[in-house]
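What follows is calculated from the coordinates using simple rules that are stated; it is not laboratory data. Just so it is clear, the structure is predicted and the values come from calculations on it, not from any experiment. Cβ sites come from the backbone with ideal geometry, for glycine too, and all protein chains shown count toward neighbours.
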Amino acid sequence: MFKKLTKDFVQAFYSPKSLYREISMGRQSSSWIFVLIYCLVYVLGSLWLYFKGFTPFVWTWIKLPEEYYYLVQSFYIIPLVFLMWILGTGVIHVVSKYFGGKGRFDVLFTMTGYSLWVPWYPLIIVDCIHSTPEWLYNTVLGICIILILFGTTIATMIEERINLIGAIISTIIAFTSIGLILFTYIR
């Protein structure tokens, strides 16, 4: 099982098209595990930041006492990420209908577990290094966003069976809806 999970994780980076085709054709996959691992790492990071006395590095949209921000975040991060995953997939699925989408929500949901969350893993590494230069952080952030948009567009095209323009529009609308939540609640 670990070997299969590792293969799927790596394939989400180097060959997302083949991974999503296999999933669309019925291969079972456990993308939720990678979403959960992402959440658990984020919880541990939030708790570490709290116990080390850190406050958010950037201005927060949600108003909490700064000294407790990371403690509170460690409690809501898991349900929030899973709700954002459902929201993102739902937005793609609904918007794709305007472009003739005929996909299955559950299959698209599995695919977006990879496309929306696995690309954030490199940023977790950079986040763990608090002395990372801003230019490097921003470069990794940009690469993560490009990977998310690219992978999610591919997943949308494959499962919803729509053209590239429709998939890009669906992906951007979904990513924007998730992004607003991310930048409101996660630091």
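Tell me, how many Å apart are the Cα centres for segment 32-50 and for segment 67-127? The distance from the Cα centre of segment 32-50 to that of segment 67-127 comes to 14 Å.
So which chymotrypsin sites (Phe, Trp or Tyr not before Pro) in segment 72-122 are both in a DSSP loop and have at most 13 other Cβ atoms within 10 Å of their Cβ? It would help to have the intermediate numbers written out before the result.
Working: sites: F75, Y76, F82, W85, Y98, F99, F105, F109, Y114, W117, W120; in loops: Y98, F99, W117.
The qualifying sites are Y98.
Springs between Cα atoms under 10 Å define the GNM used for the chain, and in it the highest mean-square fluctuation of T89, T139, T171 occurs at T139.
Once Lys and Arg get +1 and Asp and Glu get -1 on their Cβ, which of I23, L116, G179 lies farthest toward the positive end of the dipole of the chain? Going by the Cα projections, it comes out as I23. Semi-axes of the equivalent ellipsoid for segment 1-49, computed as √(5λ) from the eigenvalues of its C-alpha gyration tensor and ordered from largest down, come to 26, 10, 9 Å. Simple point charges give the picture: +1 on the Cβ of Lys and Arg, -1 on the Cβ of Asp and Glu, and for segment 17-185 a dipole about the Cα centre of about 500 debye.
Give the relative contact order (percent, whole number) for segment 17-185; include only Cα pairs under 8 Å separated by 6+ residues.
Numbers: 199 pairs, mean separation 54.2, N = 169.
Relative contact order here is 32 percent.
With bins 5 Å wide beginning at 0, the percent of Cα pairs of segment 1-106 falling in each bin runs 2, 10, 15, 16, 16, 13, 11, 10, 6, 1, 0. Toward the positive end of the charge dipole of the chain, with +1 on the Cβ of Lys and Arg and -1 on the Cβ of Asp and Glu, the farthest Cα among F75, L64, L164 is that of L164. Seen against the Cα atoms of the chain and their longest principal axis, helix 164-185 is set at about 20 degrees. The calculated pair-distance distribution of segment 71-135 uses every alpha carbon pair, bins of 5 angstrom beginning at 0, and gives 4, 14, 18, 19, 16, 12, 9, 6, 3, 0 percent. The percentage of C-alpha pairs in the chain whose separation is greater than 28 Å is 26%.
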